[in-house]
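Written out below as structure tokens is the structure these notes cover.
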Amino acid sequence: MNDEQIIEYLRTRHRTHFDPPADALASVMSAIRDAPPRRSLFASVMPIAAAVSIGLVLLVVAIGVVPRIGLVPDASASPDPSVPPTEAVATPPVSPSPTASVRPAQSLVQPGDTATLAATDSHGEWGTIRLERGDELGGYPDAEIPADTFVIEVLVAYEADRMPDPAQFGTPDWTLRPRNAPPERFFVIEPQEFERANGIGLRPAMPLGVWPGAVDIFTTPAEGRIAFAVARRDADLELELVYRLGDEEQVFPLRTPGLPPEAVALATPQPTSPEDIAEAIAMAEALFADPDECANTLDGYSVAFPDAWYTNTAVGDTPACSWFTPEFFEVAASGEAPEGIWISIGLVDGVVGYTSITEIYVNDELVIDGRQAFRVEYNGNATANPDFRGYHYVIPLGENGPTLVAGTSTESADDYLLAKAVLDRMMERFTINR
Amino acid sequence: MERARARDADAFELLVEEHLAGIHRIAVAIVGPADAMDVTQDTFVAAWQQLPRLRNADAFAGWLRRIGVNAARQWLRRTRRRREWGSLEENQGPMVDASEGQRDFRTAVEARALIEPAIERLTPDQRAILALHYTLGYSIADAADALDIRVGTAKSRLNAALRSLRSAIDPAAADGEAEAEIEATS
């Protein structure tokens, strides 16, 4: 199929559906009249958030109790309302009525500078907004920014003491503009997100989005980065960050005139090739031609794994069937995880989530042996190690836990793609006996 | 306009009536007919809520168009995140078996079967620029304005979108034809 055929198809695509349905006007006006109640999405989130936060856990993806896959149960329960992270709601920004007060002259000119605002709405103060000036970047090696611009990032963190009313807030409340610029050089820049060249994820990492968004991952506080692409020719201007809600605005000095950072070239992306994935899948399929099976009677599951691979017997506090790897390994008497484990399965007390510092590349819900579960591919610290990937299956076993987690990562597996493909097949054959 | 900005819903209804077809067309072109009304609705609700912020009433049409395009992109982004990782393996692998496709794509139905899955794989921004430029016939400059990006960025995004589409349909056939097409139509 050539380009001409593709373009011809695009030109005629959906044309017969262009006209709105007969009741479109009535439907739109009905939605408009219903709009205020619909904006309080946070209200529907709150019971879940409260349930999750009471006595439960948000897991920080870092190092872990589940060996080698980077999970740590955080025993500290958070009493604060949890709010969902980065995904923006479908509607563009709305104009919430909360207003904010700020101490004067809080400068954000230097990277690391912080400022705080007391966020208020018609019922009074609902929480705190903390700002932290980020770096100036000549670009992102993995995401294209507009030509002849540089980027200023700001971290915005909302910590709600209660549900704000109305509840939507986030990216659209922030803009950047020059301070004391002549009229012909005045401009207003809105925060931008830049799609990564490999099509997975955005820059800035963990963009702020519009809150509340998806409710599948709870974080406290709600936070994210906003990024402004500033023309390099405007580096000689003073710039200020503007927070606008309703008719009120708060202003923070953000940049003094000076040289912009050196431009960063877009590195050639090296996405995982379909061929590599296909090869890993084929290898995994072959490994499962005649699988072995093991059981962890303590935690209550059994799983099939490649006949050519190895797993552990029960040692110390470590139950059998916890670790899987292609090479033979011995478990120390202490039960400590040996080197070279590709896949780990373990039971974690409490509920598992992923903090907002984490970049999520995969997040989907599925059913494993009749139970709701989810699968996540993540990077816990993409700034420090953009190449890291962790891949987890998470199976909640009760409202308050415990949670079964099975996972691998680029750091634990010599062949991450193969480990993922094997894990996928293990989870297809996973049985919970509890 | 002034009455609408003063929260007069009846006045706003006149604006909705005037711009409904245009916004619905944008929504259909970007997200498809099944979800176009949701995006259309989101667009006007957002416009209603943001209208007091609009400083220049004369800019309403362009402003509304941007909201519509943004609502459609956001919708794609949101639904894509839910759907695209249903099977990571599938999504990272070739969407279409080109050797099969090359034998059979001659009819429109088969072309649809070949191209639609490939379109699904594009990023929201790529889908938006293809829809604006080819399906709705916007010039590159108008598409850039609707997407709030520079013309150069729009051109390169269009190139990338066509390239992605082509390679998803038939990796072997990826060549430079798209760039010539963009030059010819911009």
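The values are calculated or read from the model by the stated rules, or taken from the named source; none is laboratory data. In this text the structure is predicted, and so the values were computed from the model without any measurement. Glycine also receives a Cβ, built like all others from the backbone with ideal geometry; neighbour counts cover every protein chain displayed.
What to note about this one:
- Tally of residues being in a helix (DSSP H, G or I) and either at pLDDT 85 or above or surrounded by 21 or more Cβ atoms within 10 Å (Cβ to Cβ) (or both) across segment B:96-123: 5
- Within segment B:123-175, if we keep just the residues that are among the β-branched types (V, I, T) and more than 9 Å from chain A (Cβ to nearest Cβ), the residue that is nearest to the chain's Cα centre (by Cα) turns out to be B:I129.
- Residues in segment A:401-422 that are under 22 Å from the mean Cα position of the chain (by Cα) and either of a type in the set (V, I, T) or assigned to a helix (DSSP H, G or I) (or both): A:T403, A:V405, A:T408, A:T410, A:Y416, A:L417, A:K420.
- Leading residue by the ranking (nearest to A:F18 (Cα to Cα)) among those in segment B:124-143 that are surrounded by fewer than 23 Cβ atoms within 10 Å (Cβ to Cβ) and small (G, A, S): B:G137
- Qualifying residue in segment B:81-90 (condition: crowded, with 20+ Cβ neighbours inside 10 Å and modelled with pLDDT of 80 or more): no
- Number of the exception - A:A284 against (1) closer than 23 Å to A:L404 by Cα; (2) more than 14 Å from every other protein chain (Cβ to nearest Cβ); (3) at pLDDT 90 or above; (4) buried (at least 20 other Cβ atoms within 10 Å of the Cβ): (2)
- Candidates B:V45, B:V69, B:V16 - the one that is more than 9 Å from chain A (Cβ to nearest Cβ), in a helix (DSSP H, G or I), in contact with a helix residue (DSSP H, G or I) (Cβ under 6 Å, 6 or more places away or on another chain) and farther than 14 Å from B:E2 by Cα: B:V69
- Top-ranked residue in segment A:299-340 [being among the small types (G, A, S) and in a strand (DSSP E or B); ranked as surrounded by the fewest Cβ atoms within 10 Å (Cβ to Cβ)]: A:S302
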